[in-house]
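Below: one structure, written as structure tokens.
The values are calculated or read from the model by the stated rules, or taken from the named source; none is laboratory data. Given the structure is predicted, the values throughout are model-derived calculations rather than measurements. Cβ sites come from the backbone with ideal geometry, for glycine too, and all protein chains shown count toward neighbours. Just the protein is used for accessible areas: all its heavy atoms, side chains included, with ligands, DNA and RNA removed. Shrake-Rupley method; radii C 1.70, N 1.55, O 1.52, S 1.80 Å.
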Amino acid sequence: MKSLRTYSIPFTGLKLGKHQFEFAVDDAFFNEFEYSLVKKANLQCSVDLDKQETMIILNFVIKGTVDANCDRCLAQYPQVLDITEQQIAKFSEEPIDEDDEIITLSKNDHEINIAGLIYEYINVAMPFISVCNDEGNTSYCDTEMLEKLKNLSGNEEQTEHTDPRWDVLKKINK
């Protein structure tokens, strides 16, 4: 977890106004999270911090590629990500009730660690079903596997026989 300390932004010495921070998100970042779905990545995270008297507004822009496995051909391919998110951190002594959208900072806090936020934004942005963009026409796509899938799905439809009793029922609506 020591490498995640690089993703901390000290805000106590900053003047009011906008400040920009850049972070590299790579394999070492995801190795710190034991059960991470993402293992390899080449991402750049740009954070615009707007410090105000009562709050801090963090605007995240994360761009780059993550290695994902295609759910269709099982080959590894680069998944392009372009993420834009915003997080608000409010200066307050009492915690805000049941609101995960706003981070509460006390007077004892002097920095904000954004590693968890970056990790969450990347995992949420990953597609639920990962599929190669141009199926069969890229260097990383497994065309042999796609051909096997095509053959298996084609044979199943041809060998299916229908019961003639159901065919009679299908004619009722016509």
Check your understanding: How about segment 7-47: which of its residues are hydroxyl-bearing (Ser, Thr, Tyr) and outside any loop (DSSP other than H, G, I, E, B)?
Key -> TYR7, SER8, SER46
Point to revise | Check on LEU81, surrounded by 12 or more Cβ atoms within 10 Å (Cβ to Cβ) and part of a loop (DSSP other than H, G, I, E, B) | key: no
Check your understanding: GLU53: out of contact with any Cys (no Cβ under 9 Å at 6 or more places or on another chain) and either modelled with pLDDT of 90 or more or open to solvent by less than 100 Å² (accessible area, probe 1.4 Å) (or both), yes or no?
Key -> yes
Exercise for review: Go through GLY64, GLY116 for me and flag whichever is open to solvent by less than 90 Å² (accessible area, probe 1.4 Å), at pLDDT 90 or above and not in a helix (DSSP H, G or I).
Suggested key: GLY64
Review point. Does TYR7 satisfy being open to solvent by less than 50 Å² (accessible area, probe 1.4 Å), at pLDDT below 90 and either touching a strand residue (DSSP E or B) at 6+ places or on another chain (Cβ under 9 Å) or not aromatic (Phe, Trp, Tyr) (or both)?
Key: no
Review point. From MET145, MET126, which residue is modelled with pLDDT of 80 or more and touching a strand residue (DSSP E or B) at 6+ places or on another chain (Cβ under 8 Å)?
Key: MET126
